[in-house]
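Quick note: the coordinates plus some simple rules give every number you see, no bench work behind them. All values reported here derive from a predicted model rather than from experimental measurement. Virtual Cβ from ideal backbone geometry, glycine too; neighbours counted across all protein chains shown.
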Amino acid sequence: MRYPALSGPQREVARSLVEPAPGSDEDRRALIDGPLASVVEPHTRNLLILHTPKLQDIADWLTVKDKIAARAPDIEVRIDSNLEPSPEAGRWQVTRPSVVFSPFRLVAYRPRGGTIYAGKDLGKGAQWVRMRAHGLPVPPRTRRLVPALRLDPRLWGEYVIVKPTQGLLGRGVRLVRTDELDQRYAELSGDGHRRMTVQQYVDHVDAEGRPHLYRVLTIFGEPLYLAEVKWDEPRKDLADIAADPAGRIASNSQGVPRRLRLVSAPDVLALARCAAAAFPEIPCLGQDIIRGTGTDQLFVLETNPAGYSWHLSSDLGRNFTRQAKIDPELEKAMYDQFGALDVVAEQLIARTRSDAS
């Protein structure tokens, strides 16, 4: 992948730093030892931002780079490809204490050192275990689907959710009667070829029976946007969904007409900050949070730590906006809700200054 060359103004700045200043040698020395010394500070840390095409727009990182350059002259920032990194990037990264930042898990880049903040493949069960250990509100029970698994409906409830351990976009998520689980192992797991997680079902519909959830995109716990995703129509009766092999239950199921809107929910933001603290090595999380039907009780379903969640500018996020016929101004509003790219710049400055190694 080719990355943009310096813009016109950037070339002028670069030229001004290497071309002789006007006037005598004494004038130039006075300029360097005087005003210029306070303006041009040597870089002391490196920040490498890894871009993953289709999952993020590189324009986001170019904007962040400019913001950091304006606010943190001690940090040199470079952008490279997570899929096809240049050899020079790896050599440059370790010339100073450094941080590598990638919202998506590392693909082809192999850091030679420094502090690494990158997405990570972490199954739904492992996420649940970690969040529960941190005292976060999660569905009360979760376990792996295995052959002949029998669960007590008195503990688990009448229905459970069965979903891929490594899933995406609500694909393969099923509602199943708890007392039928042992009979449906082959069907649900593809004859054992798919690793599946069983989770206690927590109903989360609004007063009109429409499933909904909150999606919070965070960077080091700070929110970049908070959106509510809600079905257009009420869902079917749970018994009908459980009896239908093609029945959809996930709030983000593909093919279900739904709407996305930005909302204000301080309790959701507070929970998202707490949840992020359970994953300190993972910089960006796309947290799915639900509110139990008829209550104010919140639950964190999952955090999408691998990095398929930069829906500020991902192809997936933009396609959803078009398919759902959402106001095109929503995309800009998502950036503006909390000043997303300013938050990213400030968080990366703080982390680079505190954690570069």
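For the stretch 124-305, what is the relative contact order in percent, using Cα pairs closer than 8 Å and at least 6 residues apart in sequence? The partial results should precede the final answer.
Numbers: 360 pairs, mean separation 44.6, N = 182.
After rounding, I find 25 percent.
Of all lysines in the structure, those lying under 26 Å Cα to Cα from Lys67, and not within fewer than 8 positions of it along the same chain, are Lys54, Lys332. Considering the stretch 100-192, its Cα convex hull presents a mean projected area of 8.3 nm². With the highest mean first, a sort of the peptides 149-162, 180-193, 88-101 on other beta-carbon atoms found within 10 angstrom per residue produces 88-101, 149-162, 180-193.
In this rough spin-label picture, where each label sits 7 Å from Cα along the Cβ direction, the Asp179-Trp92 distance is 6.5 nm. Summed over all non-identical Cα pairs, the Kirkwood treatment of the stretch 221-293 gives a radius of 14.5 Å. Computed from the Cβ-Cβ distance with R0 of 35 Å, the FRET efficiency linking Ala133 to Glu329 stands at 0.30. One compactness figure for the stretch 267-357 is 1.25, namely its Cα radius of gyration divided by 2.2 N^0.38 Å. Shape index of the stretch 124-305: Rg/Rh, with Rg the Cα radius of gyration and Rh the Kirkwood radius from the inverse mean 1/r over Cα pairs, equals 0.95. Under 5 Å from the amide H of Leu106 lie the amide H atoms of Gly119, each residue being 5 or more positions distant or on a separate chain, with H modelled from the backbone and absent for Pro and chain starts.
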